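So the structure is just underneath, and the comments pick up after that.
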Amino acid sequence: MKEEYKRAIHTIDATDQILGRMATLIATLLQGKNKPDYEPHIDSGDIVIVKNASKVRVTGAKFSDKIYRHHSNHPGGLKERSFKEVVAKDPREVVHLAVNKMLPKNKLRAKRLKRLKIEN
């Protein structure tokens, strides 16, 4: 009983947009919360294309102070990268991480993230 939903395509220009506010909008579109027939257990969200990810802004001192942490669950396995390092390596990852952390932590998260296309 798999239903197909008509998915709209949203294009977002990240030039001079604040990262968190833009990620909130993207997460809402990927979940389908902007639609009148939204149900949390059904994946009826839209496709989102983000352009100019390298031109996204952050407020305050986050550019130098924000740290992304990941732990491998082994002793001494804490990995830390600053916002500056992540942007220098791949600016698309900053947008991807922000949206990823704003989506609900459930089985639909991976499917929703596949509909997010980020262009540099």
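Only residues that are in a loop (DSSP other than H, G, I, E, B) and under 28 Å from Gly20 (Cβ atoms): list them for region 74-85, please.
Gly77
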Within region 19-34, can you find the residues that are more than 13 Å from the chain's Cα centre (by Cα) and loosely packed, with under 15 Cβ neighbours inside 10 Å? Lys33, Asn34
Looking only at region 11-25, decide whether some residue is free of Cβ contacts under 8 Å to residues at least 24 places away in the same chain and closer than 14 Å to His96 by Cα. yes
Residues of region 43-61 being over 19 Å from Leu29 (Cα atoms) and either out of contact with any helix residue (DSSP H, G or I) (no Cβ under 6 Å at 6 or more places or on another chain) or in a loop (DSSP other than H, G, I, E, B) (or both), which ones? Lys55, Arg57, Val58, Thr59, Gly60, Ala61
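One line per residue, one yes/no per condition, for (1) of a type in the set (S, T, N, Q); (2) touching a Phe, Trp or Tyr at 6+ places or on another chain (Cβ under 9 Å):
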residue: Thr15; (1), (2): yes, no
residue: Gly20; (1), (2): no, no
residue: Leu29; (1), (2): no, no
residue: Gly32; (1), (2): no, yes
residue: Ile47; (1), (2): no, no
Evaluate the following for His71: is it farther than 17 Å from Ala14 by Cβ and either in contact with a Leu (Cβ under 7 Å, 6 or more places away or on another chain) or acidic (Asp, Glu) (or both)? yes
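No value in this document is a laboratory result; all are computed from the given coordinates. Source: prediction; values computed, not measured. Cβ atoms come from the backbone with ideal geometry, glycine included; neighbour counts cover every protein chain shown.
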